[in-house]
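J.: Questions regarding the structure given below will be posed in turn.
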Amino acid sequence: MGTVGAGKTTFQHYTRHVSAAKIFEEKSNGPYPHWISVDFLGFTNDQAPVDYIYECLMTYILSNDYLSGFKSCIEKAYEAEINAIKKGPAFLISNDSNKLNEVISEKLQKDFDDKKPYVNKVLTFASSEAPVYLVIDNVDQLSEDIQSKIFTEAVAFAQKLHLNLVISIRNSTYVEHRNSAAFNAFDFDPILIEPPKVEAILSKRFFLARNLINGTKGHFISENGMRINVDNLSSLIELVQSSVLGTQVGGLLEVLAAGDIRNALRMTRHFLEHGYSNPGKAVQVYQSKGFYVLPRHEALRAILLGSHAVYSEEYSLIGNPFDARLGRTNLQMVRLFILNALVQYSTDPSFQYVDGIEIRKHMRSIGVSDNSTLKALNDLCKLRFIHTASHDKASFSSNYYPSRLGGYIVRELISNVTFVENIMMDTFISDEVCWQKLNELGTKISGSPRSIVKRLELRFDKIKVFYPYMNTLYTELLKESQKRNLPIEWKSNPFDSGSRNLSLNMEAAMASANKNYKPNQRR
């Protein structure tokens, strides 16, 4: 009957078919396949979903030469009604072609004004001559009540007009509704389409942007107030391409997006707008060397902060693993504790998932309530650090496994200087001494704007106060797991290796700062 596409890339395949259908349309005067898009991003609550569908279909019919042509389609679609009018109501004037045409025109005009009967007739005829595909997208942007109505009405509508229905939705939305009455009432084939690689999407977008502005002149104001003229703005796109595609930044985007293409595009916008701390220098380097690699820490900071001055989980695309937000200091590291255990489990080649009941049992044994555990699991799923095997909402009946992003958090980011420095701005500090030290160091950093090296030393001093404190909070949970003899996966401390890597990263950053800035600055 139809297909529910449980994946957002359905529209890429749809676009290819649309292009093919358009070429066929231009070369043929007869029936041919139609791909009709109904995008619910333009839907408003002041109309019924079925009315919006009819509105989009009417727009398509009017824009299509074949479907809107009287001789090619309309006359054939209304052939039965026209013959019935001639034999019945207009029989007495059947010999007067002018009057007969007026009666037929009135019927057509009435259906045209009412829209629905006109669309029904035209598409029913078109679908009898060639396949007609109705593609509905962005249903999962709406409330659940409206989603159910759209599912029900779209399927019934497609059956009535003999259309091939394709509904493009996220797999999580499909899982949520698959047992609802709206889905159970009809037969359909779910097709999961894996998202494309992030760098492939960015490459195509950069290619399009470069060609759109090729040959256009422009200028921008650099960080030191100088006006920099650019003879061809497409060179800036080429600069961005060389900074992202095939570099560590591109790999970072792939991991942090966690398979969500829209998130990847938002992250790209963030570091394009805020990631280049010295765009004038970037342009000069690119013009002289032919390439420029955006520093990885600048890209990460821009992705974490977006358009905000400091990090906040509420606005960032990346969550905070150091604060479970459970209102209790001894439970602050529950997110990282569960995530680390799942990552440790996943190192086994035969690993598939960890049962939610098992997670609850272990968390109970160390004194964490079911409500706190479930909230942490929900948060980890929302932040894309972990997934449920069925893509259902988090519950103790679900099975869990870490995402690539979750593994990257545990193995890389918690020892990344840029990540730790920004995350601490949105992490609760209950220890009075620790808070006072961090506050004093923050004041010193604000008071030493001239020396980059000195400021970097003070920033690292803040991390050296913050990171051991986080380790102390994690160790409290770790001790309980060791007392209760939990499985070995629950008894590892990610801060052990994290502390070593963090120290190495800070040493490398300080050496780079001394090399690049110290000779030109007074301490």
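The values are calculated or read from the model by the stated rules, or taken from the named source; none is laboratory data. None of these values were measured; they are calculated from a predicted model. Don't worry about glycine lacking a Cβ; one is built from the backbone with ideal geometry, like all the others, and counts go over all protein chains shown. Surface accessibility is based on the protein's heavy atoms, side chains included, excluding ligands, DNA and RNA. Shrake-Rupley method; radii C 1.70, N 1.55, O 1.52, S 1.80 Å.
J.: Against the condition among the small types (Gly, Ala, Ser), modelled with pLDDT of 70 or more, in a loop (DSSP other than H, G, I, E, B) and surrounded by 12 or more Cβ atoms within 10 Å (Cβ to Cβ), how does GLY215 come out, does it pass?
T.: Working: among the small types (Gly, Ala, Ser): yes; modelled with pLDDT of 70 or more: yes; in a loop (DSSP other than H, G, I, E, B): yes; surrounded by 12 or more Cβ atoms within 10 Å (Cβ to Cβ): no.
For GLY215, the condition - among the small types (Gly, Ala, Ser), modelled with pLDDT of 70 or more, in a loop (DSSP other than H, G, I, E, B) and surrounded by 12 or more Cβ atoms within 10 Å (Cβ to Cβ) - is not met.
J.: Determine if the range 441-452 includes at least one residue that is in contact with a strand residue (DSSP E or B) (Cβ under 9 Å, 6 or more places away or on another chain) and either surrounded by fewer than 16 Cβ atoms within 10 Å (Cβ to Cβ) or at negative phi (or both). Give the steps one after another, and end with the answer.
T.: From the range 441-452, those in contact with a strand residue (DSSP E or B) (Cβ under 9 Å, 6 or more places away or on another chain) are none; that's our starting set.
No, the conditions are met nowhere in the range 441-452.
J.: Sort out which residues of the range 326-350 are of a type in the set (Lys, Arg) and over 20 Å from PHE396 (Cα atoms), and write them in order of number. Write out each step before concluding.
T.: Initially, the range 326-350 is screened for residues of a type in the set (Lys, Arg), giving 328, 335.
Within the range 326-350, ARG328 is the sole residue that qualifies.
J.: Please state which of the following conditions SER105 fails to meet, knowing it meets all the rest: (1) open to solvent by less than 60 Å² (accessible area, probe 1.4 Å); (2) at pLDDT 80 or above.
T.: Unmet for SER105, out of (1) open to solvent by less than 60 Å² (accessible area, probe 1.4 Å); (2) at pLDDT 80 or above: (1).
J.: Which of the following residues is surrounded by fewer than 19 Cβ atoms within 10 Å (Cβ to Cβ) and in contact with a helix residue (DSSP H, G or I) (Cβ under 8 Å, 6 or more places away or on another chain): PHE419, PHE396?
T.: Answer to the check: PHE396.
J.: Can you pull out the residues in the range 460-486 that are open to solvent by 70 Å² or more (accessible area, probe 1.4 Å) and over 19 Å from ASN439 (Cβ atoms)? Write out each step before concluding.
T.: First pass over the range 460-486, keeping only residues open to solvent by 70 Å² or more (accessible area, probe 1.4 Å): 464, 472, 476, 479, 482-485.
Result: GLU476, LYS479, GLN482, LYS483, ARG484, ASN485.
J.: Now, a different point. Under 7 Å between Cβ atoms, which residue pairs at least 6 apart in sequence (or on different chains) link something in the range 152-171 that is over 15 Å from SER127 (Cα atoms) and modelled with pLDDT under 80 with a partner that is surrounded by 17 or more Cβ atoms within 10 Å (Cβ to Cβ) and aliphatic (A, V, I, L, M)?
T.: THR152/ALA182; ILE169/VAL4; ILE169/ALA6; ILE169/VAL139; ASN171/ALA6
J.: If you don't mind, another one. Which helices (runs of 4 or more DSSP H) sit wholly inside the range 302-397 and have at least 2 residues that are of a type in the set (Gly, Ala, Ser) and on the phi < 0 side of the Ramachandran plot? If you could, list the steps in order and put the result at the bottom.
T.: On the way: elements: 334-345, 356-365, 370-382.
Helices (runs of 4 or more DSSP H) meeting the threshold: 356-365, 370-382.
J.: All but one of (1) over 21 Å from ASN330 (Cα atoms); (2) at pLDDT 90 or above; (3) within 36 Å of the chain's Cα centre (by Cα); (4) not aromatic (Phe, Trp, Tyr) hold for THR472; which doesn't?
T.: Unmet for THR472, out of (1) over 21 Å from ASN330 (Cα atoms); (2) at pLDDT 90 or above; (3) within 36 Å of the chain's Cα centre (by Cα); (4) not aromatic (Phe, Trp, Tyr): (1).
J.: Now for a separate question. State which residue pairs qualify: first residue free of Cβ contacts under 8 Å to residues at least 60 places away in the same chain and under 19 Å from GLU480 (Cα atoms) and inside the range 350-376, second residue polar (S, T, N, Q) and open to solvent by less than 50 Å² (accessible area, probe 1.4 Å) in any location, beta carbons under 7 Å apart, and separation of 6 or more residues or different chains.
T.: ILE359/THR373; ARG360/THR373; MET363/THR373
J.: Okay, moving on. Quick one: in the range 317-330, which of the residues that are open to solvent by less than 40 Å² (accessible area, probe 1.4 Å) and in contact (Cβ under 8 Å) with a residue 60 or more places away in the chain is nearest to the chain's Cα centre (by Cα)?
T.: LEU317
J.: Please verify whether the range 368-386 includes one or more residues that are over 23 Å from GLY327 (Cα atoms), of a type outside the set (A, V, I, L, M) and out of contact with any Pro (no Cβ under 6 Å at 6 or more places or on another chain).
T.: Within the range 368-386, the subset over 23 Å from GLY327 (Cα atoms) is none.
No, every residue in the range 368-386 fails to be over 23 Å from GLY327 (Cα atoms), of a type outside the set (A, V, I, L, M) and out of contact with any Pro (no Cβ under 6 Å at 6 or more places or on another chain).
J.: Condition check: modelled with pLDDT of 90 or more, surrounded by fewer than 20 Cβ atoms within 10 Å (Cβ to Cβ) and within 22 Å of LYS110 (Cβ to Cβ). Does LEU57 satisfy that? Break it down stepwise before answering.
T.: Numbers: modelled with pLDDT of 90 or more: yes; surrounded by fewer than 20 Cβ atoms within 10 Å (Cβ to Cβ): no; within 22 Å of LYS110 (Cβ to Cβ): yes.
So LEU57 fails the test.
J.: Could you check, for the range 307-315, whether at least one of its residues is touching a Lys or Arg at 6+ places or on another chain (Cβ under 8 Å) and hydroxyl-bearing (Ser, Thr, Tyr)?
T.: No; the residues of the range 307-315 include none that is touching a Lys or Arg at 6+ places or on another chain (Cβ under 8 Å) and hydroxyl-bearing (Ser, Thr, Tyr).
J.: Of (1) farther than 30 Å from ALA341 by Cβ; (2) crowded, with 16+ Cβ neighbours inside 10 Å, ILE429 satisfies all except one. Which?
T.: The number of the failed condition is (1).
J.: Suppose we filter SER492, SER499, SER503 for residues that are closer than 24 Å to ASP348 by Cα and surrounded by 15 or more Cβ atoms within 10 Å (Cβ to Cβ); which single one remains? Walk me through how you get there before you give the answer.
T.: Working: SER499 fails: closer than 24 Å to ASP348 by Cα; SER503 fails: closer than 24 Å to ASP348 by Cα.
Checking each option against the conditions leaves just SER492.
J.: Considering only the range 124-139, I want to know if a residue exists there that is open to solvent by less than 20 Å² (accessible area, probe 1.4 Å), more than 22 Å from ASP51 (Cβ to Cβ), out of contact with any Gly (no Cβ under 6 Å at 6 or more places or on another chain) and not polar (S, T, N, Q).
T.: Step one: filter the range 124-139 for residues open to solvent by less than 20 Å² (accessible area, probe 1.4 Å), giving 126, 130, 132, 134-139.
Next cut, more than 22 Å from ASP51 (Cβ to Cβ) only: 130.
From the residues that got through so far, the ones that are out of contact with any Gly (no Cβ under 6 Å at 6 or more places or on another chain) too are 130.
Now restrict to residues that are not polar (S, T, N, Q): 130.
Within the range 124-139, one or more residues are open to solvent by less than 20 Å² (accessible area, probe 1.4 Å), more than 22 Å from ASP51 (Cβ to Cβ), out of contact with any Gly (no Cβ under 6 Å at 6 or more places or on another chain) and not polar (S, T, N, Q).
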